[in-house]
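K.L.:
Mind having a look at this structure? Questions to follow.
The values are calculated or read from the model by the stated rules, or taken from the named source; none is laboratory data. Computed from a predicted structure; not experimentally measured. No Cβ is skipped: glycine too gets one built from the backbone with ideal geometry, and neighbour counts run over all protein chains shown. Just the protein is used for accessible areas: all its heavy atoms, side chains included, with ligands, DNA and RNA removed. Shrake-Rupley method; radii C 1.70, N 1.55, O 1.52, S 1.80 Å.
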Amino acid sequence: MLLPLISLLVSQTPVTINYPSDQKTLQITTLLAVPPTGRGGRVPFPLDPIEKQIVEGTFANPTEGTSVTAANGSIRQWHVAKADKDGAFSGSAFQGGCAYCQINSDQDRQVILHATGDSMVYVNGVPRAGDPYGYGYVEIPTDLKKGLNDLLFLSGRGTLKVDLQTPKAAVVINAADLTLPDAAIDAPTNDHFGGVVLVNTTDQIQRGLKIKAQFENGANKETNVPDIQPLSILKVKMDLPNVDWKKPSEVPLTLTIEKDGKLLDSADTKFRVRTATQTRKETYISPVDDSVQYYAVVPPPNPRPGLAMMLSLHGAGVEAIGQADAYSPKDWAYVVCATNRRPFAFDWEDWGREDGIDVLKVASQEYATAPQHTYVTGHSMGGHGTWQFGALFPDKWAAIAVSAGWASFYSYAGVPLNRTPTPVAAMFQRAAATSNTMDLLSNYNDEGVYILHGGADDNVPVEEARNMHSALAAFDLDTVYHEQPGVGHWWSTPLTKGASCLEWPEMMSYLQDHAKRDAKTIDFTTVDLAVSPSYNGVTVLQQVKPLTPSHIHIDPAGNITTQNIERFSIPANYNSGQLLIDGQHTYSGNCNYELNNGTWQGCPRAPISQIGPFKEAINNHAVLVYSTIGNPEENQWSFDKARFDSESFWYRGNGALKVISDREFLANRHSYGNAIVYGNKDTNAAWAALFAGSPLQVSRGKAELGGKTQSGNNVAALFCWRQPGHNLNAAISATGMVGFRSLERAPYFASGVGLPDWTIYTQDTFLKGNGGVLGAGFFGPQGQYWAGNSAWN
């Protein structure tokens, strides 16, 4: 087992709490707490001196009055905190600080940890997922050993509640986080399926499980469940029986989990049956991780093929079904609300963006909508998503409508764009470049753009709308701006049946009047080829400088100009044989061109050459692969970290990333998509198969790249690599245990945080931020684009 990172010195402090085995539930009402000692935010490397101590193994259990030197040099002290009558802790220490207690157990045992309001928790030094948004449904199975056990919480948004419970079964159903569709009467019968969280409360892999869904009329369906790792959770797909429902209602539904014919647990819930014209939920399988996701639809009064499609993106904290319920039906369109995977999730970037585009594809096919009448709209965070979707995928929309939207993290929710970054900081800024909508303004050329904002909005400043309107004015676009005087962020008037900030009549008429037009001129900018390489058949295949803006312009005569493009392809209708590319007369018998020593020439079609960036690997039916050929400490860390990532992605993105061993992966390699590999060349058996050709190699004691070597046990590496013609895989790797522990809280699931193809760093980042980065950059056909500091040999 992994040795605890937290010293277990016996201490008669107010935070040592007895938990006898005959007590089913323990409510934590006393903690030690300390105010924030670092600085977080949407950055790759938050400052955190306590985390640095944990990584280096020097963190000792605190007592009242223990001092901590914060990252800014000031002194913080641990103090006793008491819960209120409802069991909740609050105060400044619970807004980004830490909380600690010891649990004294009279025997080795498994328990369920239920905490609300924490960002994450270390249980005897092992990282486990938290519940920063206070959803209340996070139940983490963990073990307590006989004697003292340490709980160290990273607090989140101001409050914290904690209790521990004795599990009622080896595998239990967590019905508080169901993903269920609705059935519709008088509508085509679909195969219904949902998602349910199963909790393995034992220290053994659970295999051979079956989950059954049964309605009160006896109709039932059984589904085989994937293996669930020890003391783990997994949200699994479950099939639902098809029933010919006759009237709208809420039908009792019972879920049971069985193993070898033995009932382990059951849960009761409700299943909604709707009419064909009522707002309802539909489910689909995400290609990211094979998880069950839902979208909500507002059907027209007379559902039929050929109507418009309006994709609507919700604001922060809003459920997609709540977004749908705020609309009135449209006789000219289906209104389809994607989820962003959770109410907060990814700000419609990263996997939230993937969800929106997947829903567009699924729903367009389901309802046979008209491609030339497809629109995207959104409110608040969804307004930001609308700016993003309109800029990144301009050939999908006839028009876009932004309500109370913010332009980018740089203008609203994050650190201002650094115009003079250090070389290292520039790499991370480039990796997040798709967030910067202002670099993509020309992409709105062929879309209608309607901007709506409340003049008294106290949430998203109206300057966000005004600034975007002013920026777009330089492009002579088809744009309408409306600022409603005196109204705030979410508002309504008697002019609309639904929320006016969603369906302002002038805005709806504007969308309805727009049809997608044939582009006479191509004027397209892209930053990240993994996200948006194409527009109307024109595809950028290779950039000169990865993840910086690339631009291609084709006028009606077929003359082409490019910036930061090394290879591209065009549709056959643009290829008249003789082309003018950047002033060069070029002849080609095909539609693919490359820049060779300053000269454009025809070339064979080749795939996009870009490797990453890193976060793109967590896609394409991804699985998490832990190591088995390292020493016990290395292997245990690898499993714990993979499990923590699976839990975190479930929480943040309603995910279902499966955790498997390296041996299982190799035995069934072609059954999986992208692999996220935990360990290094010496510890993970899958390394040789996936990273043999990678320029970056990590083994015990050293990391090597481009003839440079960094030695020691404290070097951490995050990188992705694609062997030609194969999947994009990623490594969460290090040279030793200090390096491995430095990876535990790497924020690669946080929106607004960019990671390039590769990053190498040490635990010094917890005090120095980017100053602890040894090197970072991108892989490319001509070598590595990278930046480092003086610590890189």
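K.L.:
Using Cα-Cα distances under 8 Å and only pairs 6 or more residues apart, what relative contact order does region 104-149 have, in percent?
P.N.:
After rounding, I find 53 percent.
K.L.:
In addition: Across region 692-707, in residue order, what do the Karplus-derived ³J(HN,Hα) couplings come to in whole Hz, using 6.51 cos²θ - 1.76 cosθ + 1.60 with θ = phi - 60° and x for Gly and Pro?
P.N.:
Working through the residues one at a time gives 4, x, 6, x, 9, 10, 10, 9, 4, x, 7, 10, 10, 7, x, x Hz.
K.L.:
Moving to a separate point now. Two decimals is fine: what's Rg over Rh for region 482-575, C-alpha atoms, Kirkwood radius as Rh?
P.N.:
1.20
K.L.:
What does the helix-only formula give at 222 nm for the chain: each DSSP H stretch with n ≥ 4 adding -39500 (n - 2.57), the total divided by the residues, and the result rounded to the nearest 500 deg cm²/dmol?
P.N.:
Theoretical 222 nm ellipticity from helices: -4500 deg cm²/dmol.
K.L.:
Now a separate question. List the aspartates and glutamates whose Cα lies under 18 Å from the Cα of residue 262, skipping any in the same chain that are fewer than 8 positions away.
P.N.:
222, 227
K.L.:
Grab the Cα-Cα distance for residue 361 and residue 477, subtract it from 0.36 nm times how many residues apart they are, and report the gain in nm with one decimal.
P.N.:
So the chain would gain 39.1 nm between residue 361 and residue 477.
K.L.:
Here's another thing I want to ask about it. Please identify every one of the trypsin sites (Lys or Arg not before Pro) in region 227-315 that sits in a loop by DSSP and has no more than 15 other beta carbons within 10 Å of its own beta carbon.
P.N.:
Counting only loop positions with at most 15 other Cβ atoms within 10 Å, the trypsin sites (Lys or Arg not before Pro) in region 227-315 are 246.
K.L.:
For 759, 496, what's the largest-to-smallest order of accessible area, 1.4 Å probe?
P.N.:
Listed by decreasing accessible area, they come as 496, 759.
K.L.:
Per the 1.4 Å probe, what fraction of the accessible area of region 616-694, in percent, lies on carbon and sulfur atoms?
P.N.:
Taking all protein chains in place, region 616-694 shows 48 percent carbon and sulfur surface.
K.L.:
Taking a cut-off of 23 Å between Cα atoms, list the lysines near residue 768, but don't count ones fewer than 8 places away on the same chain.
P.N.:
The reachable lysines, counting only those whose Cα sits under 23 Å from residue 768, are 52, 702, 708.
K.L.:
Longer than 24 Å from Cα to Cα, which of 212/641; 161/237; 361/641; 235/641; 161/658 are they? Say none if no pair is.
P.N.:
Too far apart for the 24 Å limit: 212/641; 161/237; 361/641; 161/658.
K.L.:
Turning to a different aspect of this structure: At 10 °C and 1.306 mPa s, grab the translational diffusion coefficient of region 374-503 from Stokes-Einstein with a Kirkwood Rh over Cα pairs, rounded to a whole number in µm² per second.
P.N.:
Estimated via Stokes-Einstein, D reaches 104 µm²/s.
K.L.:
Then there's this: Using 1/(1 + (r/R0)^6) with R0 = 25 angstrom and r between the beta carbons of residue 513 and residue 417, what's the FRET efficiency to the nearest 0.05?
P.N.:
0.10
K.L.:
Please identify every one of the trypsin sites (Lys or Arg not before Pro) in region 394-451 that sits in a loop by DSSP and has no more than 13 other beta carbons within 10 Å of its own beta carbon.
P.N.:
Passing both the DSSP loop test and the Cβ count: 419.
K.L.:
Right, something else. When the accessible area of region 457-577 is split by element with a 1.4 Å probe, what percent falls to carbon and sulfur?
P.N.:
Accessible surface attributable to carbon and sulfur in region 457-577 totals 49 percent.
K.L.:
Also: For the chain, with only Lys/Arg (+1) and Asp/Glu (-1) charged at the beta-carbon, what is the dipole magnitude about the Cα centre, in debye rounded to 20?
P.N.:
That gives a dipole near 1020 debye.
K.L.:
What full-extension length gain, to one decimal in nm, is calculated for residue 157 and residue 536 as 0.36 nm per residue of separation minus the Cα-Cα distance?
P.N.:
Gain on extension, residue 157 to residue 536, equals 132.0 nm.
K.L.:
For the pair residue 145 and residue 22, what calculated FRET efficiency results from E = 1/(1 + (r/R0)^6), where r is the Cβ-Cβ distance and R0 = 25 Å, to the nearest 0.05?
P.N.:
0.90
K.L.:
Given all pairs of different Cα atoms, what value in angstroms does the Kirkwood hydrodynamic radius of region 591-731 take?
P.N.:
Computed over region 591-731, the radius equals 16.5 Å.
K.L.:
Output the antiparallel fraction of DSSP beta bridges having both residues in the chain, as a percent to the nearest 5.
P.N.:
DSSP beta bridges in the chain are roughly 75 percent antiparallel.
K.L.:
Which trypsin sites (Lys or Arg not before Pro) does region 43-141 hold that lie in a coil by DSSP with at most 10 other beta carbons within 10 Å?
P.N.:
The qualifying sites are 85.
K.L.:
On to the next question. Keeping every protein chain present and rolling a 1.4 Å probe, give me the accessible area per residue for the chain in Å².
P.N.:
Averaged over the residues of the chain, the accessible area is 36 Å².
K.L.:
Can you pull the semi-axes for the chain, root of five times each eigenvalue of the Cα gyration tensor, sorted largest first, whole Å?
P.N.:
Taking √(5λ) for each Cα gyration eigenvalue gives 42, 34, 26 Å.
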